[in-house]
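Q: Just passing along the structure, written as structure tokens.
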């Protein structure tokens with residue numbers, strides 16, 4: 001696959017907004033644009049602090065990326081050696097990965113986080129290693145995880161900005177996004193499994209109409225910690241406060257400020273249609289259409305699209321098959337990558353006489369493409 005085109009497709013100029021100043025009672029706070037991770041408001045955003053159960057955003061993300069939600073786990077006593085909030089697991093219980101996800105994100109179950117750690121990492125230490133590897137890979141530069149649940153530990157810390165980056169990334173996972181937006185969920189687990197209903201601790205899901213998640217947290221050391229997100233008119237923002245005694249009120253103001261601080265535009269590429277040659281196909285070319293996307297922005301931005309398509313494809317090509325991608329770039333940074341999918345099936349061309357694949361044509365086209373490159 002080769003990058004075949006790169007061009008500036010739009011220049012956005014931000015007009016003045018009627019947005020009042022915002023403040024919090026938090027030790028650290030930040031609001032970011034979830035599309036671009038632009039900082040919209042910041043107060044001690046890079047200060048290292050403990051983050052309590054908002055830690056479970058990372059634990060839940062890794063569980064969502066592992067998938068296989070119907071896999072059943074038999075809980076052992078060792079897995080439950082953790083104190084604090086619980087989804088009510090007991091040794092010998094049978095619980096699915098799906099139940100653990102909702103047990104963490106709704107009931108803030110430390111037991112659910114610990115069982116997840118053993119399930120995915122083999123041990124708590126093994127899972128913590130996975131947490132820190134993931135943190136590094138997504139740009140969390142001032143974070144170190146030591147527990148999967150968020151219970152206090154000497155080297156367990158993050159920053160408001162890093163937690164916002166984490167939430168923004170996690171919300172792109174559809175299973176995570178659905179879980180953290182759920183006000184309640186009915187589950188079946190136990191020995192034998194029986195019906196339970198868990199309620200989300202995030203009050204904003206009821207009190208703020210645009211809230212879509214994500215996680216509460218509290219320990220005596222950390223104070224009240226809160227990560228939230230809101231979506232309105234195609235715009236999504238993430239707010240984080242660490243050690244904030246007035247977090248619910250503060251977050252309504254922070255989210256409202258964020259949503260009012262960004263604007264929405266449509267990025268329309270200069271060239272939207274391409275024809276990709278298909279080797280040994282029943283059709284010689286596959287038409288590809290690059291569709292516009294809507295993008296939220298805060299500061300003056302140069303938007304570019306970088307289209308990545310192969311010079312040719314081999315038949316068969318299946319409808320829905322990923323054949324390339326488009327990188328949407330703002331101020332030199334990729335903020336979104338969208339897969340390009342085939343919109344139709346193209347079968348292998350069969351010789352009329354021999355009823356076999358026309359290898360002669362195949363070889364000719366391959367050498368033709370090599371020569372052209």
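Q: Within segment 277-310, count every residue that is at pLDDT 85 or above and buried (at least 19 other Cβ atoms within 10 Å of the Cβ).
A: Count: 9.
Q: Which of the residues that make up segment 123-143 are farther than 24 Å from residue 335 by Cα and surrounded by fewer than 16 Cβ atoms within 10 Å (Cβ to Cβ)? Please lay out each step first, then the result.
A: So in segment 123-143, the residues farther than 24 Å from residue 335 by Cα come out as 123-130.
Hits for segment 123-143 are 123, 125, 126, 129.
Residue-by-condition table, conditions (1) within 21 Å of residue 254 (Cα to Cα); (2) under 18 Å from the mean Cα position of the chain (by Cα):
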position: 181; (1), (2): yes, yes
position: 193; (1), (2): no, no
position: 202; (1), (2): yes, no
position: 214; (1), (2): yes, yes
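Q: Testing residue 141 on (1) part of a loop (DSSP other than H, G, I, E, B); (2) in contact (Cβ under 8 Å) with a residue 24 or more places away in the chain, one condition comes back false. Which one is that?
A: (2)
Q: From 118, 169, which residue is in contact (Cβ under 8 Å) with a residue 40 or more places away in the chain and either under 23 Å from residue 31 (Cα atoms) or crowded, with 23+ Cβ neighbours inside 10 Å (or both)?
A: Details: 118 fails: either under 23 Å from residue 31 (Cα atoms) or crowded, with 23+ Cβ neighbours inside 10 Å (or both).
Answer to the check: 169.
Q: Kindly check whether there is at least one residue in segment 9-26 that is under 26 Å from the mean Cα position of the chain (by Cα) and either modelled with pLDDT of 95 or more or over 26 Å from residue 328 (Cβ atoms) (or both).
A: yes
Q: Here's something else I'd like to know. Output the helices (runs of 4 or more DSSP H) that fall wholly within segment 160-222 and possess 1 or more residues being modelled with pLDDT of 95 or more, under 24 Å from residue 95 (Cα atoms) and in contact with a strand residue (DSSP E or B) (Cβ under 6 Å, 6 or more places away or on another chain), or say none. Break it down stepwise before answering.
A: Working: elements: 160-170, 174-180, 204-207.
Answer list for segment 160-222: 174-180.
Q: Of 106, 80, 101, 89, which residue is under 21 Å from residue 55 (Cα atoms), assigned by TED's automatic domain parsing to the domain that holds residue 193 and in contact with a strand residue (DSSP E or B) (Cβ under 6 Å, 6 or more places away or on another chain)? Don't jump to the end; show me each part of the working.
A: Details: 80 fails: in contact with a strand residue (DSSP E or B) (Cβ under 6 Å, 6 or more places away or on another chain); 101 fails: in contact with a strand residue (DSSP E or B) (Cβ under 6 Å, 6 or more places away or on another chain); 89 fails: in contact with a strand residue (DSSP E or B) (Cβ under 6 Å, 6 or more places away or on another chain).
Testing whether each residue is under 21 Å from residue 55 (Cα atoms), assigned by TED's automatic domain parsing to the domain that holds residue 193 and in contact with a strand residue (DSSP E or B) (Cβ under 6 Å, 6 or more places away or on another chain) leaves just 106.
Q: Filter segment 243-293 for residues that are in a loop (DSSP other than H, G, I, E, B) and more than 30 Å from residue 342 (Cα to Cα); which is nearest to the chain's Cα centre (by Cα)? Show your work before the answer.
A: Pass one, segment 243-293, residues in a loop (DSSP other than H, G, I, E, B): 243-246, 262, 268-272, 280, 282-284, 290-292.
Keeping just the survivors that are more than 30 Å from residue 342 (Cα to Cα) gives 243-246, 262.
Working: 243: 25, 244: 25, 245: 28, 246: 28, 262: 20 Å.
Of everything passing the filter in segment 243-293, 262 is nearest to the chain's Cα centre (by Cα).
Q: Could you pull out the residue among 143, 123, 147 that is assigned by TED's automatic domain parsing to the domain that holds residue 222, touching a strand residue (DSSP E or B) at 6+ places or on another chain (Cβ under 7 Å) and over 15 Å from residue 69 (Cα atoms)? Let's see the steps before the verdict.
A: On the way: 123 fails: touching a strand residue (DSSP E or B) at 6+ places or on another chain (Cβ under 7 Å); 147 fails: touching a strand residue (DSSP E or B) at 6+ places or on another chain (Cβ under 7 Å).
It is 143.
Q: Quick check on my filter: what residues within segment 61-85 are over 18 Å from the mean Cα position of the chain (by Cα) and not in a loop (DSSP other than H, G, I, E, B)?
A: Residues satisfying the conditions are 72, 73, 74, 78, 79, 80.
The values are calculated or read from the model by the stated rules, or taken from the named source; none is laboratory data. Just so you know, these numbers come straight off a predicted model, no measurement behind them. A quick note on method: Cβ atoms are made from the backbone with ideal geometry, for glycine too, and the neighbour counts reach across all protein chains shown.
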